[in-house]
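Comments concern the structure below.
FYI, it's all coordinate maths here, none of it is from the lab. Because the structure is predicted, anything quoted here is derived from the model rather than measured. Using ideal geometry, Cβ is built from the backbone for each residue, glycine included, and neighbour counts are taken over all protein chains shown.
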Amino acid sequence: MNKYIRTSLAGLLTTTMITGAAFAAGTHPDTGEALADDQTFIYRLGDEHSSVDPQVVEDTYGAEITRDLFEGLMNQDEDGNLVPGVATEYTTNDTKDVYTFTLRDNAKWSNGDPVTAGDFVYAWKRAVDPELSSPYAWFMELMSIENAAEIIAGNKPIDELGVKAIDDHTLEVTLSAPLPYFPQMTTHSTTFPAPQKVIEEHGDAWTRPENIVSNGAYIWTEHLPQERSVRERNEMYWDNENTILDKVVTLVINDENVALTRYLAGELDRTEVPAGQFPRMSQEHPDQAISFPRLCNYYYTFNLTEDGPEAFKDPNVRQALSLAVDREIITEKVMAGGQPQAYTFAPEATAGFTVPEVEMASMTQPERDELAKELLAGAGYGPDNPLSFEMVYNTNEDHKKVAVALSQMWKQKLGVSVELANMEWKVFLEERGNQNFDLARGAWCGDYNEASTFLDLLQSQSGYNDGKYNNARVDELLAEAKTSDNPAPLYTEVERIIAQETPVIPIYHYAGVYMMDTDVGNWPINNVEQNWYSKNLYKRAE
Amino acid sequence: MLAYSLRRLLVAIPTILLLIVACFFLMHFAPGGPFTSERPLPPAVLANIEARYGLDQPLWKQLWDYLYNIVVHFDFGPSFKFKDRDVNDIIAQGFPISLTYGSLSFLAATTVGVSLGIAAAIKHNSWIDYFAVGLGIAAQALPNFIMGPILILTFTLWLGLLPGGGWNGGQWQYLIMPVIALATSYMGSIARITRSSMLEVLNSNFIRTARAKGLPTRTVIWRHALKPTLLPVVSYLGPVFVYVLTGSVFVDIYFSTGGLGQAYVGSALSRDYAVLLGVTILYGALTVVVNLLTDLAYAWFDPKIRY
């Protein structure tokens, strides 16, 4: 660690190390590894987080911090499995539309108040409150909580939300439709409890370090916007004695190359590896460069509306374009960060999702190219009548590299002429959302670890279905999957239909590509959602 | 001079108003809004959010409310992106940072640039001159986005002497690289302008007269040549001062200083209207004031100019 950072950190260390001292001098209770004296984890944020208010936060960086500061009903373990959080257990009725959570009696807020079922009721009502107008209010709708949609729209009073405190330690949730994966959704920050008294006292400023009261393993002690933030051990946390890491520091570093340099200079314990640099990093620092699958996909979507290109209305043309994409070149040469190639829309890493045997995946690239040529010729496109269209992506070096590679593959193999266009993010979203495109880049990260979070994008009424793909059978299967005990075969069939009709071209699935200090213990690389909790991490002695 | 200054400040009011109105409409006409996101919000949620911030009102009403709040309450409105901060908070946090390293860069660029230019002119065609000219050109060719990476690689990665970014309350270790990165190219320009201006002044009649009456070189330079030499430098410095404060976007982002440049670019990208407008107004007002100061400085440097 750089000595200047170290000196400045030393000055900031407070008495919160007292309970940590038992670990600091010792060894890890499970692994027996020697622990570092300084249990501080420093990582990079690519941008200032939006908020640490559980019902308001809308970005990944903010959600990571919020997950440390607050604790919801359930948590995830290192593999993404559900483990108890504030709730010790839950039960559900036969129809799976009423869930009852039992809350632990030793959970406390950082000011010493007990965490009660009422705190969850308050928080969930807050999330749908039109007055708060949370950008994540839709998540409560997605959870199918009774009356959530009506309350958000202002058509019912907030008190009619299907959540109530039976007593201080029993929370009952009523759903408008059965939802087998409901408990999984309670690991999301929107569902974390909120301290009513503090919020009413301080208003929007309640999340500032000087005002905040939280119930997670850490408390928010310092925040210099656009520069750094610090969260430190919460002495009131019910599992404080098993928490090893004392302190977590974030540094906002917008440029990922600068972040990498600062990591290499020892200022950070973790940073992202810029695209294309992973091979060099893993050669120079094999024990620090890590890559693992994430729950996100990268695709291009066809505009299938009336106004879209005539050619794209022919599934054979769409399939030809998908076939001609050599995904190996994209993942091995362009991104080069261990990303899995994608032949299906939902990533293989998704829980309970079996990748269907898609014909294209088992072919060799020359076979695919051959078939692509045949299909395109069959559709009436060739040297005399060349196919041409425009593809758009949001301005970004990595997306540009991928787009250039794709357009070259299509040109060389199929003689298709493609015009590339990039747009600034918000303009891009607006244009894509209004179907002002031929072929547009898309990417999606799962909101929860279940295939529907991806496949719902291709449901005809979905607000995220930018290509306006419309297949009655797909809609039917997805609706059925919502309430099914075993939705996996239904998802497999949806993927088969998508592979046949090709409304989208899946390119690759994301990988988490990090430089991680070898001192950091227990980073959950198997948690594909990357829902990590600082309380489960530790720093080994050097 | 007081009357002149007051007159200039009065003229500044409509100028800034015009700036606000122009920015306001440009901003609203840009595609995408503050709540356009990858996950399009359900209409009901979007309607709630827009109602909360008054974005459901007609544009003229929004503009009127905005101006009213500034004039009456000195309130530049809420940030749409950061719920627990408003524009006043964001400026109060970022501006002192930008101002600190901006002023230091300005000071460094001016003192080093002017000294280099004067030395080069006095020792015209000597090795000092060649060295100063060479350094000036090299520095001018190194904009901050080239200097940034060079500095970080050298001082942070290879030598391990300085932290690679951050602010830490403005401790000196954190200031060095941002100041050098920002000051270098301006320093080069200032050196060149000073040198050519000094050479011209040294060849003018009143200097020949001063020398002819037997004044020592030092007096000739300091008492007679310096002031007229600096006149063109000052007209260059006015805009530079505003540039180092406003044009520091790259430095802010590259060195993660937490200055206003980061907030400015961020607000433009996220369509955080109030933050974008607030910072624009600040920069506009700053330009007006600095221009006035520059004009007033002319009178001191050149007795022929009177207001």
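For this structure, a couple of remarks:
- In this structure the amide hydrogen of A:Leu103, modeled in the peptide plane, comes within under 5 Å of the amide hydrogens of A:Thr88, A:Thr170, A:Leu171, none closer than 5 places in sequence on its chain.
- A simple spin-label model places pseudo-atoms 7 Å from Cα toward Cβ; at A:Asp475 and B:Lys227 they are separated by 8.5 nm.
- Per-residue ellipticity at 222 nm, computed for chain A from helices alone with -39500 (n - 2.57) per DSSP H run of at least four residues, works out to -8500 deg cm²/dmol.
- Inter-centroid distance (Cα atoms) of region A:283-321 relative to region A:446-502, Å: 17 Å
- Counting, for every residue in B:44-53, the Cβ atoms of other protein chains within 10 Å of its Cβ and taking the mean gives 6.
- Karplus 3J(HN,Hα) series, Hz, for region B:213-228 with 6.51 cos²θ - 1.76 cosθ + 1.60 (x for Gly, Pro): 7, x, 5, x, 3, 4, 5, 4, 5, 6, 7, 9, 8, 4, 4, x
- The shape of region B:87-301 comes out oblate: with a ≥ b ≥ c from the C-alpha gyration tensor, a/c is at least 1.5 while a/b does not beat b/c.
- Derived scalar couplings ³J(HN,Hα) [region A:238-252; Karplus, 6.51 cos²θ - 1.76 cosθ + 1.60; whole Hz; x for Gly, Pro]: 4, 10, 4, 5, 9, 8, 9, 5, 8, 8, 10, 10, 10, 10, 7
- For region A:293-512, the relative contact order comes to 40 percent (Cα pairs under 8 Å, sequence separation of at least 6).
- Relative contact order, percent, chain B [alpha-carbon distance under 8 Å, six or more residues apart]: 26 percent
- Shape class for region A:293-512: rounded, because the ratio a/c of the largest to smallest gyration tensor axis (alpha-carbon atoms, square roots of eigenvalues) is under 1.5.
- Computed per residue of chain B from DSSP H runs no shorter than four, each worth -39500 (n - 2.57), the mean residue ellipticity at 222 nm is -24000 deg cm²/dmol.
- Cysteines in the protein assembly as shown that, by Cβ-Cβ distance, have no pairing candidate under 4.7 Å: B:Cys23
- Cα-projected label distance for A:Ile329 with A:Glu200, points at 7 Å along beta-carbon direction, nm: 6.4 nm
- Column: log10 I(q)/I(0), Debye, Cα scatterers of region A:137-178, q = 0.15, 0.30, 0.35 Å⁻¹: -0.35, -1.01, -1.16
- A prolate overall shape is assigned to the protein assembly as shown, the ratio a/c of its alpha-carbon gyration tensor axes (a ≥ b ≥ c) being 1.5 or greater and a/b exceeding b/c.
- Cross-link pairs A:Lys164/B:Lys81; A:Lys125/A:Lys535; A:Lys125/A:Lys468; A:Lys197/A:Lys535; A:Lys313/A:Lys413; A:Lys156/A:Lys426 - those with Cα-Cα distance over 24 Å: A:Lys164/B:Lys81; A:Lys125/A:Lys535; A:Lys125/A:Lys468; A:Lys197/A:Lys535; A:Lys156/A:Lys426
- Of the residues A:Ile329, A:Phe389, A:Pro315, the one whose Cα sits farthest toward the positive end of the charge dipole of region A:293-512, with +1 on the Cβ of Lys and Arg and -1 on the Cβ of Asp and Glu, is A:Ile329.
- FRET efficiency, A:Asn436 to B:Leu59 (Cβ-Cβ, R0 25 Å, nearest 0.05): 0.60
- Here's how it looks for A:Glu222: its modeled amide H is under 5 Å from those of A:Val230, which are all 5 or more places away or on a different chain.
- Based on C-alpha pairs under 8 angstrom that are at least 6 apart in sequence, chain A has a relative contact order of 20 percent.
- Fully extended contour minus Cα-Cα distance, from B:Leu67 to B:Ser115, at 0.36 nm per residue: 12.7 nm
- Residue-averaged beta-carbon neighbours from other chains (10 angstrom radius) around B:22-35: 2
- Think of the protein assembly as shown as a dipole: +1 on every Lys or Arg Cβ, -1 on every Asp or Glu Cβ, centred on the Cα centre; then among A:Gln277, B:Ser79, B:Met27, B:Met27 lies furthest on the positive end.
- Estimated FRET transfer efficiency (A:Glu235, A:Lys482; beta-carbon r; R0 56 Å; 0.05): 0.85
- Taking θ as phi - 60° and the Karplus parameters 6.51, -1.76 and 1.60, the scalar couplings of region A:437-447 work out to 7, 9, 9, 10, 5, x, 7, 8, 10, x, 7 Hz in sequence order, x denoting glycine and proline.
- Efficiency of FRET between B:Trp172 and A:Asn106 - r from beta-carbon atoms, R0 35 angstrom, step 0.05: 0.15
- Axis of helix B:43-52 versus longest Cα principal axis of chain B: the two differ by about 60°, to the nearest ten degrees.
- If only the Cβ of Lys and Arg carry +1 and only the Cβ of Asp and Glu carry -1, the dipole of the protein assembly as shown around its Cα centre is close to 5840 debye.
- Shielding of A:252-258 by partner chains, average beta-carbon count, 10 Å: 6
- Residues whose amide H comes within less than 5 Å of that of B:Tyr307, counting only those at least five positions distant or on another chain, are absent (H built at 1.01 Å from N in the peptide plane).
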